[in-house]
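One structure is given here, and the rest of the page talks about it.
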Amino acid sequence: MTKFLLTLHVLAAILAVGPVTVAASMFPAALRRAQADPRDTAAVASLRLLQRICSVYAFVGVAVPVTGLATAGSLGVLGSAWLIASIILTMAAAAVLIVLVLPRQEAALEAVAGEADGGTGMRPVDGTGVRPADATGAVALGERAGARLAMYTGIFNLLWATVTVLMIIRPGSTTGA
């Protein structure tokens, strides 16, 4: 049963977290392209696709810690320091994704697509870097919105990379490497 759970855990990580890390990493560059020419429907469509991938696979990614905890329970390593550190880092990565990355992607997409609040342009200035509409009704992104989004995405990716290393090396583990 342990091998089956471990297989599910690894597959869930590859199939759920992998697409999020790639799509989230691609989003800032796609945002720059869309900002350069907001009438470029292909650039806006790319942003929509990347944001959708991140949102859907973030939800599917819940399977990773669920199957991970089941695997750890069957291995009897729930109290191991490497696992506890991995759990904390996984929670941090999830928080970065949910609180910092996804909302900024949505706000950037709305701004570029000109759809902020149904086109009224009355979205308040907040931590997303989106400014109120100009006279044309277009919503402007702050100059650093893309850079901030890239930074938060990088933090998310580094957290997951660290979890992956901990899962492979398992420092202090007595269950073998």
Q.
Could you go through the range 131-154 and let me know if any residue there is in a helix (DSSP H, G or I), touching a Gly at 6+ places or on another chain (Cβ under 8 Å), open to solvent by 70 Å² or more (accessible area, probe 1.4 Å) and at pLDDT 75 or above.
A. yes
Q: Evaluate the following for residue 127: is it open to solvent by less than 70 Å² (accessible area, probe 1.4 Å), under 26 Å from residue 41 (Cβ atoms) and modelled with pLDDT under 90?
A: no
Q. What are the residues in the range 32-68 that are open to solvent by 20 Å² or more (accessible area, probe 1.4 Å), of a type outside the set (A, V, I, L, M, F, W, C) and not in a loop (DSSP other than H, G, I, E, B), if any?
A. 32, 33, 35, 41, 46, 48, 51, 52, 55, 57, 65, 67
Q. Any residue at all in the range 78-94 that is open to solvent by 20 Å² or more (accessible area, probe 1.4 Å) and either modelled with pLDDT under 90 or farther than 30 Å from residue 2 by Cβ (or both)?
A. no
Q. So is residue 116 at pLDDT below 95 and surrounded by fewer than 20 Cβ atoms within 10 Å (Cβ to Cβ) or not?
A. no
Q) Would you call residue 74 of a type outside the set (Asp, Glu), open to solvent by less than 30 Å² (accessible area, probe 1.4 Å) and over 11 Å from the mean Cα position of the chain (by Cα)? A) no
Q: Give the residue that is modelled with the lowest pLDDT, with candidates limited to residues of the range 162-177 that are open to solvent by less than 50 Å² (accessible area, probe 1.4 Å) and either outside any helix (DSSP H, G or I) or under 23 Å from residue 54 (Cα atoms) (or both).
A: 176
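The values are calculated or read from the model by the stated rules, or taken from the named source; none is laboratory data. Since this is a predicted model, take the numbers as computed values, not measurements. Every residue, glycine among them, receives a Cβ derived from its backbone with ideal geometry; neighbour counts consider all protein chains shown. Each accessible area value is taken on the protein alone, full model and side chains, heavy atoms only, with ligands, DNA and RNA left out. Shrake-Rupley method; radii C 1.70, N 1.55, O 1.52, S 1.80 Å.
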